[in-house]
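The values are calculated or read from the model by the stated rules, or taken from the named source; none is laboratory data. Predicted model, so just to flag it, every value in this text is computed and none were measured. All Cβ positions, glycine included, derive from the backbone under ideal geometry; neighbour counts span all protein chains shown.
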Amino acid sequence: MTGGQIGTIIILVLCLILVAAVCVVAIKVRNKVRSIKREIQSISRQAFGTDDIAQGFRNMEREMEVTPKSVSGATSLYLPRIVKDFPDFHYDEMRSRSDALLTAYLNGIDSGTVPLTTEEGITSELKEKYALRIQNLKNHGMTEHFKNIRIHRTEIKQYRKTAGRCSVIFETSIQYYHYKMNGSAVAEGSKDRMEQARYNVEMVYIQDRDLVENASDMGLAMNCPNCGAPLPKLGAKVCAYCESPIAEFQIKVWNFSDVQERK
């Protein structure tokens, strides 16, 4: 056997060894990939009920689009306390006012309307906050839109009493299509993807203007419709000075002071 033949045989052996090594590595990689794929499928089945994790994420996104956000549901805790202080506080009526205000607030932003005039009983702070949001959008050449608004549920989240001031916070679960436009282009959000959201709407009752710390709250206190004297007691039914009935005016004292999205 010549030296050339021996060299050829060595090269062939080395090639065979190399091919075998490549095959071994390929088999290990394939097995590892299969193992990882099985693990992913197992995780996907446990999390989403499907072997396709990408489809699982798409299903989860669709589920999030249609599943309402939860609310605190503390109405049963706070309502008896509120009614004790305000016997003429009608929960259904106040909740309807809160829902109407929230809807009007979002629709106003959508249309770019200033000032907010679709609901009575709004504090100057809320009007200013609303107008500032619209102005900021205009300054950036943008518009913000809320379409197909639907309220799922509204409950009392909190009842607070401080010096001369009481407040009720409603928490609302709501859905809509939300997006921002820069000219004719969608800058944020989507026209086709529904969003679920939560909002807090606060109502305030100023019992004693002399005790409140916020100067703007002073103008919200209720006076007797007959003699003009300030009402000295929560939920008072008659004026302490002229004894005129004032219970029917109580609802006018509750003013909306804030609207805030809760993440």
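Brief remarks on what is shown
- When MET142 is tested against (1) farther than 30 Å from ILE82 by Cα; (2) modelled with pLDDT under 90; (3) of a type in the set (A, V, I, L, M, F, W, C), only condition (2) is not met.
- The residues of segment 136-177 that are in contact (Cβ under 8 Å) with a residue 12 or more places away in the chain and assigned to a helix (DSSP H, G or I), listed by number, are LEU137, LYS138.
- Checked against the criterion of being of a type in the set (A, V, I, L, M) and either modelled with pLDDT of 95 or more or buried (at least 18 other Cβ atoms within 10 Å of the Cβ) (or both), the candidates LEU137, LEU132, LEU126 yield just one match: LEU126.
Here is a yes/no grid of residues against (1) in the same structural domain as ALA74 (by TED's automatic domain parsing); (2) more than 13 Å from the chain's Cα centre (by Cα); (3) within 20 Å of GLU261 (Cα to Cα); (4) among the β-branched types (Val, Ile, Thr):
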{"site": "ASN148", "(1), (2), (3), (4)": "yes, yes, yes, no"}
{"site": "ARG153", "(1), (2), (3), (4)": "yes, no, yes, no"}
{"site": "ILE156", "(1), (2), (3), (4)": "yes, yes, yes, yes"}
{"site": "ALA163", "(1), (2), (3), (4)": "yes, yes, no, no"}
{"site": "CYS166", "(1), (2), (3), (4)": "yes, yes, no, no"}
{"site": "ILE169", "(1), (2), (3), (4)": "yes, yes, yes, yes"}
{"site": "LYS180", "(1), (2), (3), (4)": "yes, yes, yes, no"}
{"site": "VAL186", "(1), (2), (3), (4)": "yes, yes, no, yes"}
{"site": "ASP192", "(1), (2), (3), (4)": "yes, yes, no, no"}
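- Helices (runs of 4 or more DSSP H) within segment 1-119 that include 2 or more residues at pLDDT below 80 and either outside the structural domain of GLN135 (by TED's automatic domain parsing) or within 30 Å of ASP258 (Cα to Cα) (or both): 3-48, 53-66
- Test: LYS147 is surrounded by 12 or more Cβ atoms within 10 Å (Cβ to Cβ), at pLDDT 90 or above and farther than 26 Å from VAL253 by Cβ: yes
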